[in-house]
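Accompanying notes for the structure given below.
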């Protein structure tokens, strides 16, 4: 372990701990006491009961941030470490999980409990919102012929509550990234459901692709529409048929 001092500010060193074949990450980075305090306060912006009282984000020069940033990323073939490094490069503070079932059979480090435990002290915090913004709602009335009907989901109170929380975080200057399983945004409710509702509220979202490049919401929807004479004549829906997710 090695301590680091930058100028006169006290610093907290976040360590990287690695075990062969199974990595346990305390993600690398250096956070000042002031930054840690501010992040703790900003966490309340995404908390269901306290976000309205949260202070706005402050930039490095002490000015109130005008707007935040909303990104999206799919787990795909990422390791947890590679995914978080991408978010750190973009200045992301929160990884917001929008999976209805926050587990991965093949990559256990993407399970909700693992993420909650191993990201709590790192530079990118973990928040679960799959109960509000997940692509497989527990409400059976959100389905048409077994497929998730995104038009129906967008009118449900739970979804509106989740979007309202994202909007509040955005307006307070937070930089967040939505996490789901699908690598490609064209195949995921991140774009077809959440992205479209954010766009309707004039809130931009940028989708990170598996190769690290980015697409805007408009670009994703344009790609989805290619080759179709009529854009989504039956409305936006999930590609597959699902059973409603179980509630915990």
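Each value in this text was obtained by applying a stated rule to the coordinates, not by laboratory testing. Remember, predicted model here, so these are calculated numbers, not experimental data. In this analysis, Cβ positions are derived from the backbone assuming ideal geometry, glycine residues included, and neighbour counts consider all displayed protein chains.
For a quick check: sort 81, 181 by the number of other beta carbons within 10 angstrom, fewest at the front.
Listing 81, 181 from fewest to most nearby Cβ atoms yields 81, 181.
Want the number for residue 111 to residue 141: 0.36 nm per residue separation, take away the alpha-carbon distance, what's left?
Length gained between residue 111 and residue 141: 8.0 nm.
Report, as a whole number in µm² per second, the diffusion coefficient that Stokes-Einstein gives for the range 165-225 at 20 °C and 1.002 mPa s using the Kirkwood radius over alpha carbon pairs.
Once the numbers are plugged in, D ends up at 179 µm²/s.
Exposure proxy check: 202, 139, 97 ranked by fewest other beta carbons within 10 Å?
202, 139, 97
Which value in Å does the Kirkwood hydrodynamic radius of the range 107-189 take, with 1/r averaged over all unlike C-alpha pairs and then inverted?
14.6 Å
How do 207, 78, 106 line up, fewest other C-beta atoms within 10 Å first?
106, 78, 207
Given the Cα-Cα distance of residue 120 and residue 168 and 0.36 nm per residue of separation, how much length would full extension add, in nm?
15.1 nm
Rg(Cα) of the range 61-241 divided by 2.2 N^0.38 Å?
1.00
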